[in-house]
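Presented below is the structure to which this report refers.
The values are calculated or read from the model by the stated rules, or taken from the named source; none is laboratory data. Keep in mind that this is a model prediction, so the values were computed, not measured. Note: ideal-geometry Cβ built from the backbone for every residue, glycine included; neighbour counts use all protein chains shown. SASA here: full protein model, heavy atoms, side chains in, ligands and nucleic acids out. Shrake-Rupley method; radii C 1.70, N 1.55, O 1.52, S 1.80 Å.
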Amino acid sequence: MQPEFESLVTLKKAIAEKKVSAVDAVTAYLERIGQHDESIHAFNELYGDYAMQRAAQVDAGQITGKLAGVPIAIKDNLCTPYGHTTCSSKMLANFKAPYMATAVGKLEAEGAIIIGKTNLDEFAMGSSTENSAFGMTKNPWDTTRVPGGSSGGSAAAMAADFAAATLGSDTGGSIRQPAALCGVCGLKPTYGKVSRFGLVAFASSLDQIGPFTRSVEDAALLMDVICGHDPKDSTSANLPASDHTLELHKPIENLRIGIAKQYMAEGNDPAVTKAVEDAIEVYKSLGATIVEVDLPHTEYGIPVYYIVATAEASSNLARYDGVHYGHRTEKPEDLYDLYAASRAEGFGDEVKRRIMLGTYALCSGYYDAYYNRALKVRRLIKQDFDKAYEQCDAILCPTTTGVAFKAGDKTDDPLAMYLNDVYTVNANLAGIPGITIPAGLSDDGLPVSIQLYGNAYEDAKLLRIAQMFQTATSHHTLRPKLG
Ligand code: GLN
């Protein structure tokens, strides 16, 4: 790709300075997608005509803004009044949303060009994008491997340079884990920073929209655009809009990086352990102090997450009943059969599994033993983080235990798949921000990453800390060779 396309920030500048036209930018990405997406399958749908039309308007000066002319792809669980919003489910295969997700509307208001929607695990439930009803996405670094999930399409699109940036959603790791396996940056903001309006709900107390980018600088710029209070999302934080770019390049003095033994488990792939150890050295060389923090309730994260998330999912997905919208069975015998058959036909196995687990956890008689107890432990996990942030500015840990696994390796073992989220779910349970950044390649040439956790609402500070790492390293500039 031309040097102007190196990052979102460089492309935005090149378009603003008229070195590259918006039409050229859109054309370049669409051509690249045309050449390579057949073997990767990052996209569910492309908006070629719409994108070209908007690009022409940018070039004519009719559309302006911080992201004028920049092509961006979004996860196919974000509603737009054009095209389909399928959540990679048969249930919504023909669904056309009547409204626009706030985050996507904000991108467009700043001149960004939405070029298409990316594949995901059905309803964002999964860690490999193999649960998509429309076929899996492949990892651009090795197409026999998964890109991670559930935002695997957005991560793969970013890694393959199919857009200048992409949006995903993260309920338990769905931005950070695929970012790690595809070697790109992925940020899950603090819960409430980005409006969830127009994001198809999976688990409402955990879901958060965030960016996939090449660099931390790009992520900061996107955050400036997409965050902010939204009266249409009652859980969006009513805080003045924050600027993530303003002080991004100012290193933090007396930086304290926390390390928790609970995340440095023996079972981690040596390449992952080495990436974290190397990052510790990088931060030390930048003047940081390394402090040991204790997160004693870490191990309860997975069981708590898979109770809370499934409980909320079972309630959120009750709306797909074959009556309001979505798939409807053809010849129901009666009303009950209409509901039952529409849901049986429309949902895939993993979604059904989650609905059953969640319904069970919410049954009277089990509610206190499972759901209520999970909420209590969730609070303890949050308190662990509150205490840790009295001692440090950010916590450095792995995003995943290993590198991208082979397609099919974990599809028959839901528990093994769930354990993928062991280092990511706790940020969602605590509502804190987490960022994944590339940290090199394994011996097999597959991306490894590090993760940084920040304190709630300190997303700008977290980005600054991540930026310090990228200033000192060049891992984020590595790209896969596409076949
Ligand atoms: N992999 C996790 C799950 O399957 C997280 C999904 C997500 O963050 N959307 O639930």
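Annotations for the structure displayed:
- Some residue of the range 256-266 being surrounded by 19 or more Cβ atoms within 10 Å (Cβ to Cβ) and either in a loop (DSSP other than H, G, I, E, B) or within 16 Å of the ligand (Cβ to nearest atom) (or both): no
- Note on the range 28-55: residues that are of a type outside the set (Asp, Glu) and touching a Ser or Thr at 6+ places or on another chain (Cβ under 9 Å) amount to 9.
- Top-ranked residue in the range 181-201 [being assigned to a strand (DSSP E or B) and open to solvent by less than 10 Å² (accessible area, probe 1.4 Å); ranked as farthest from the ligand (Cβ to nearest atom)]: Cys185
- Matching residues, the range 334-366, being in a loop (DSSP other than H, G, I, E, B) and over 27 Å from the mean Cα position of the chain (by Cα): Asp334, Cys363, Ser364, Gly365, Tyr366
- Qualifying residue in the range 100-117 (condition: among the acidic types (Asp, Glu) and over 23 Å from Thr310 (Cα atoms)): yes
- Apart from one condition, Arg319 fits all of (1) farther than 25 Å from Ala201 by Cα; (2) free of Cβ contacts under 8 Å to residues at least 24 places away in the same chain; (3) not polar (S, T, N, Q); the exception is (1).
- Among the candidates Ser169, Ser204, residue that is of a type in the set (S, T, N, Q), within 13 Å of the ligand (Cβ to nearest atom) and surrounded by 24 or more Cβ atoms within 10 Å (Cβ to Cβ): Ser169
- Single residue of the range 7-65 satisfying the filter (hydroxyl-bearing (Ser, Thr, Tyr) and assigned to a loop (DSSP other than H, G, I, E, B)) that is nearest to Glu217 (Cα to Cα): Ser7
- Candidates are the residues of the range 98-131 that are assigned to a helix (DSSP H, G or I) and away from the ligand (no atom under 16 Å from the Cβ); the one that is surrounded by the most Cβ atoms within 10 Å (Cβ to Cβ) is Leu107.
- Lys232, sole failed condition from (1) within 15 Å of the ligand (Cβ to nearest atom); (2) of a type in the set (Lys, Arg); (3) open to solvent by 10 Å² or more (accessible area, probe 1.4 Å): (1)
- Of everything in the range 284-305 that is out of contact with any Leu (no Cβ under 7 Å at 6 or more places or on another chain) and part of a helix (DSSP H, G or I), the residue that is surrounded by the fewest Cβ atoms within 10 Å (Cβ to Cβ) is Ser285.
- Listed by position, the helices (runs of 4 or more DSSP H) inside the range 367-483 whose residues that are surrounded by 17 or more Cβ atoms within 10 Å (Cβ to Cβ) and at pLDDT below 95 number at least 2 are 414-418.
- For Asp37, the requirement of being charged (D, E, K, R), within 23 Å of Thr85 (Cβ to Cβ) and open to solvent by 30 Å² or more (accessible area, probe 1.4 Å) is not met.
- Qualifying residue in the range 338-346 (condition: open to solvent by less than 90 Å² (accessible area, probe 1.4 Å) and acidic (Asp, Glu)): yes
- Residue ID - modelled with the lowest pLDDT, chosen from residues in the range 309-333 that are open to solvent by less than 10 Å² (accessible area, probe 1.4 Å) and assigned to a loop (DSSP other than H, G, I, E, B): Gly322
- Of the residues examined, Ala163 is not one that is more than 16 Å from the ligand (Cβ to nearest atom), without any contact (Cβ under 8 Å) to a residue 24 or more places away in the chain and either surrounded by fewer than 24 Cβ atoms within 10 Å (Cβ to Cβ) or of a type outside the set (D, E, K, R) (or both).
- Evaluation of Met91 against (1) part of a helix (DSSP H, G or I); (2) within 16 Å of the ligand (Cβ to nearest atom); (3) in contact (Cβ under 8 Å) with a residue 60 or more places away in the chain (one fails), failing number: (2)
- Residue identified as of a type in the set (A, V, I, L, M, F, W, C) and more than 19 Å from Ser204 (Cα to Cα) among Ala430, Ala416, Ala361: Ala416
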